[in-house]
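Working notes for the structure below.
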Amino acid sequence: NLDWWEVEYIETNPVIFVREPSDGIPWMAVGFPANMSPYTGMNLSGIAVSSNEVNAPLEGEVKREGRSHVQMVREVLRSCHTLEEAEAFLRAQDHASAETLVVSDGPQQKAAAFEMTAVSFAARYLNDDDVVWATNHFVDPSMEATQEPQDPGTSSHNRYARLAQFLSPGETDSVLGSLDVAGGIAILRDTYNVYTGLTEDPMDLNGATLGAN
């Protein structure tokens, strides 16, 4: 699932890349032909990573030099056996841009959303219901001042709020405690707009819903 614009070449040519480094952990990434940098992947130690670009960082929170986050995804997959190792690695890097990396540790049943800019860093771990989610803006209170304010109804906030409806107890559409692969696919295809209360056309890629982004 790449929440990009519509690119037929990517949609019709998915590729699973498998790497078996002599000095690291075997890992895989899902991408497309000529996709050299992993945006999402998993390694043989049970670490899975997904990248979520933050679209509105303040100018002082990014810089021209430093490591890209897709480079960091690749290194986490190649070298990290645990969530703790992944966090230590990410905190030690020279960051250039603004990104949220969601890292899960299957064997330990742990996960975190690491919110990062060139100068700021925060970690959101599993909540009391054992879930954590992210879209394309920072949520941790310490990171609010690192990004431009966005108006209600913007894509990232809409999608984050819709995930909250799926992943929080007491919500009408909550799947908490019963989420499986089919349920995950249904969430990714969901086209309910929490801002307008309307269901969007799934072919209208306006970014306002999970399934139209």
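A few remarks follow.
- The stretch 61-108: trypsin sites (Lys or Arg not before Pro) in DSSP coil with no more than 12 other Cβ atoms inside 10 Å: Arg64
- Low-density loop cleavage sites - chymotrypsin sites (Phe, Trp or Tyr not before Pro) in the stretch 1-71, where at most 16 other Cβ are within 10 Å (DSSP): Trp4, Trp5
- Glu148-Asp23 FRET efficiency (beta carbon distance; Förster radius 41 Å; 0.05 resolution): 0.50
- Fully extending the segment from Ala88 to Asn206, taken as 0.36 nm per residue of separation minus the present Cα-Cα distance, adds 38.8 nm.
- Enclosed volume per residue, in Å³, of the convex hull spanned by Cα atoms of the stretch 120-213: 113 Å³
- Calculated FRET value between Thr196 and Trp4, using beta carbons and R₀ = 30 Å, to 0.05: 0.80
- Report note on the peptides 194-204, 51-61: ranked by the mean count of other C-beta atoms within 10 Å, highest first, their order is 51-61, 194-204.
- In sequence order, calculated HN-Hα J values of the stretch 87-100 (Karplus, 6.51, -1.76, 1.60; Hz; x Gly/Pro): 5, 4, 4, 5, 5, 8, 7, 8, 7, 10, 10, 10, 7, 10
- Share of carbon and sulfur in the accessible heavy-atom surface of the chain [1.4 Å probe, %]: 52 percent
- Between the C-alpha center of the stretch 154-203 and that of the stretch 98-121 there is a gap of 21 Å.
- For the stretch 84-132, chymotrypsin sites (Phe, Trp or Tyr not before Pro) are listed when DSSP marks them as loop and at most 11 other Cβ atoms sit within 10 Å of their Cβ; the list is empty.
- The chain - charge dipole about Cα centre, Lys and Arg +1 at Cβ, Asp and Glu -1, debye rounded to 20: 480 debye
- For Lys110, residues with placed amide H under 5 Å, excluding near neighbours: Asp105
- Site pair Leu179 and Met36 shows an inter-label distance of 3.4 nm when each label is modelled 7 Å from Cα along Cα→Cβ.
- Of the residues Met28, Met116, Met36, the one that moves most in a GNM of the chain with alpha-carbon contacts below 10 Å is Met36.
- For the stretch 201-213, backbone phi angles converted through the Karplus equation (6.51, -1.76, 1.60; θ = phi - 60°) give residue-by-residue couplings of 5, x, 8, 8, 7, 8, x, 7, 9, 4, x, 10, 10 Hz, Gly and Pro being listed as x.
- Principal-axis tilt of helix 155-167 within the chain, Cα atoms, nearest 10 degrees: 90 degrees
- Taking every protein chain into account, the accessible area of the chain amounts to 54 square angstrom per residue (probe 1.4 Å).
- Note: relative contact order over the chain, using C-alpha pairs below 8 Å and six or more positions apart, is 14 percent.
- Pair-distance distribution of the stretch 11-126: all C-alpha pairs, bin width 5 Å, starting at 0; shares per bin in whole percent are 2, 12, 22, 23, 19, 13, 7, 1, 0.
- Maximal additional length on extending the Ala123-Gln165 stretch stands at 12.9 nm, based on 0.36 nm per residue less the C-alpha distance.
The values are calculated or read from the model by the stated rules, or taken from the named source; none is laboratory data. Bear in mind the structure is a predicted one, so any value in this text is a computation, not a measurement. As a convention, Cβ positions derive from the backbone with ideal geometry for all residues, glycine included, and neighbour counts pool all protein chains shown. With ligands, DNA and RNA removed, areas are computed over all heavy atoms of the protein, side chains included. Shrake-Rupley method; radii C 1.70, N 1.55, O 1.52, S 1.80 Å.
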